[in-house]
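Visitor: Following this message is one structure expressed as structure tokens.
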Amino acid sequence: MLLRFLFFFLCQAAGAALGWWQAGPWGAVAGACAAAWVWFAWDLWRGARVLAWMREGDPARAPRLRGMWGEAADRARRLVRQGRLREQASDARLQEILAALQASPNGVTLLDAEGRIEWCNQMAEEHFGIHFERDALQSIGNLVRDPDFSAYYAGHDFTRDVVLQGRASTPSRPVRISMHLHPYGDGRKLLLSRDITALEQAEAMRRDFVANVSHEIRTPLTVLMGFVETLQTLQLGADERARYLGMMSQQAQRMHHLVQDLLTLSRLEGSPLPGLVDWVPVASLLRHCEDEARALSAMLTQGAPQPHRIAFPTPDEAQAAGQVAGIAAELQSALANLVNNAVRYTPAGGSITVAWEAGEGGGARFSVSDTGPGIAAEHLPRITERFYRVDRSRSRDTGGTGLGLAIVKHVVQRHGGTLHVRSVVGQGSVFSVDLPPMRVRR
Ligand code: ADP
């Protein structure tokens, strides 16, 4: 500032000196005035340059000036540059936040105070069947026309969510979307949407499972309680008493098997996947299966004119089959389950053939064929569901729990294998297990 005054006075002094030299004292006054005007015009021109540049706002083109205007331009340039940097940083931050919201597995939609879409992620586009580029600033009420949603939106009670049918829903594959509005800011709303189809299915399965287990336990329990009451109230002879006790023991066995199978299933669900460290000899698996099958067959065909014809690989063939990597108890129970089912469902006189063959690419195939009643095609897709039975009475009569094939499927999947069923009603069934090459060693 001081320099500026000094320069101004120097200009005036120079103008006055020039005027004095040319025209005496009046010349000095005129010279000083003229010098002041020149200085004023020159200063105005410098200020105008700074103002013009500030209007344009490009820091790279700031005028290079000395003195007060130079400093003002310099400071303004620094402020503009800092503002630009801050703007870039917050823009990058915003993009990061939007990218995170895009990555969200839930739909996120931002609504303004009038309920118009300000922004939404791809998941929300999928849930509502909208396209942000096209539908930005459209009212959500015009795009989601479900009456439940309209009532929810109009009700202003956003403490709960509302569940709607998804856009991609079909009668065979319903899709359920949960929507929850969260007010924020100045009347704005955050609309979160979530596909809860799998959750609802799991919940329905859990309910069915509890209902099934209760039903399965209640039936033998009711019978058992009836017998206990009979024994308590009636005077029975020793023979009758023994018969009743035998039937009670049968019902207790049934409950015991059910609880055992349930525990097996929960153990399978909770335990880590079988490794490739423990190798189980196929011969020992087949020998145990054969012993169990023959004992079961003898029990079921007692008094029948003809027993089952049961064929297993010979000991040499079983020996040549090698070993399988996995958990011995699980493999044993799965294979025995398939063989026992064949024995249980095949009437006396029928045949059951068990085979172990080399599979594709070094794997192995275990198969059980029977000449039993077979299973109709419409039952096959559901046969491995828990408690699903085709022949309910035969299952009960032979001590079935309805969980056998569910356990088999679980064990096979845990060992990287697949379970296949082929069946023709009236001719028989073939249950086979394919094991992958990495689990088989000959
Ligand atoms: P269960 O304990 O009732 O046998 P599973 O899960 O082992 O239960 O089998 C489910 C249903 O599949 C059985 O109830 C039965 O109707 C049918 N099934 C299983 N194996 C055979 C088979 N070898 N032949 C005919 N039906 C079978």
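Visitor: Name the single residue that is nearest to Arg267 (Cα to Cα) among those in region 308-321 being surrounded by fewer than 17 Cβ atoms within 10 Å (Cβ to Cβ) and touching a Ser or Thr at 6+ places or on another chain (Cβ under 7 Å).
Guide: Across region 308-321, the extreme among qualifying residues is Ala311.
Visitor: For residues that are within 11 Å of the ligand (Cβ to nearest atom) and β-branched (Val, Ile, Thr), tally how many sit in region 429-442.
Guide: Selection size over region 429-442: 1.
Visitor: Here's another thing I want to ask about it. Quick one: Phe312 ticks every box in (1) of a type outside the set (Gly, Ala, Ser); (2) outside the structural domain of His420 (by TED's automatic domain parsing); (3) touching a Cys at 6+ places or on another chain (Cβ under 9 Å) bar one, so which box is it?
Guide: (2)
Visitor: Which residue, of Glu290, Glu269, is surrounded by 13 or more Cβ atoms within 10 Å (Cβ to Cβ) and assigned to a helix (DSSP H, G or I)?
Guide: Glu290
Visitor: Further question on the same structure: Of the numbered conditions (1) away from the ligand (no atom under 13 Å from the Cβ); (2) touching a helix residue (DSSP H, G or I) at 6+ places or on another chain (Cβ under 7 Å), Glu360 fails exactly one; give the number of that condition.
Guide: (2)
Visitor: Further question on the same structure: For residues that are within 30 Å of Gly246 (Cβ to Cβ) and in contact (Cβ under 8 Å) with a residue 40 or more places away in the chain, tally how many sit in region 199-228.
Guide: Residues in region 199-228 being within 30 Å of Gly246 (Cβ to Cβ) and in contact (Cβ under 8 Å) with a residue 40 or more places away in the chain: 4 in total.
Visitor: Taking region 394-412 as the region of interest, how many residues are within 7 Å of the ligand (Cβ to nearest atom) and under 16 Å from Gln260 (Cα atoms)?
Guide: Total meeting the criteria: 7.
Visitor: Within region 414-428, count every residue that is within 28 Å of Asp208 (Cα to Cα), within 15 Å of the ligand (Cβ to nearest atom) and not charged (D, E, K, R).
Guide: Going through region 414-428 one residue at a time, the tally reaches 4.
Visitor: Pick from Ser172, Ser193: which is crowded, with 17+ Cβ neighbours inside 10 Å and hydroxyl-bearing (Ser, Thr, Tyr)?
Guide: Ser193
Visitor: Now a separate question. Check region 85-99 and report whether any residue there is surrounded by 13 or more Cβ atoms within 10 Å (Cβ to Cβ) and touching a Lys or Arg at 6+ places or on another chain (Cβ under 6 Å).
Guide: no
Visitor: Same structure, new question: Checking His379 against (1) closer than 20 Å to Ile310 by Cβ; (2) surrounded by 15 or more Cβ atoms within 10 Å (Cβ to Cβ); (3) within 13 Å of the ligand (Cβ to nearest atom), only one condition comes out false. Which one?
Guide: (1)
A quick yes/no check of all residues on (1) surrounded by 17 or more Cβ atoms within 10 Å (Cβ to Cβ); (2) touching a residue at least 12 places away in the same chain (Cβ under 8 Å); (3) closer than 19 Å to Trp356 by Cβ:
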residue: Thr230; (1), (2), (3): no, yes, no
residue: Asp261; (1), (2), (3): yes, yes, no
residue: Gly303; (1), (2), (3): no, no, no
residue: Gln306; (1), (2), (3): no, yes, no
residue: Gln323; (1), (2), (3): yes, yes, yes
residue: Gly326; (1), (2), (3): yes, yes, yes
residue: Gln332; (1), (2), (3): yes, yes, yes
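Visitor: Please state which one of Thr371, Thr398, Thr384, Thr353 is surrounded by fewer than 22 Cβ atoms within 10 Å (Cβ to Cβ), under 31 Å from the mean Cα position of the chain (by Cα) and of a type outside the set (Phe, Trp, Tyr).
Guide: Thr384
Visitor: Need a quick list: helices (runs of 4 or more DSSP H) entirely within region 85-192 having at least 2 residues that are in contact (Cβ under 8 Å) with a residue 40 or more places away in the chain.
Guide: 122-128
Visitor: Inspect region 364-376 for any residue being modelled with pLDDT under 95 and more than 16 Å from the ligand (Cβ to nearest atom) and give the result as yes or no.
Guide: Within region 364-376, none of the residues are modelled with pLDDT under 95 and more than 16 Å from the ligand (Cβ to nearest atom).
The values are calculated or read from the model by the stated rules, or taken from the named source; none is laboratory data. Here the structure is a predicted model, which means the values were calculated and not measured. Positions of Cβ are generated from backbone atoms using ideal geometry, with glycine treated the same way; all protein chains shown enter the neighbour counts.
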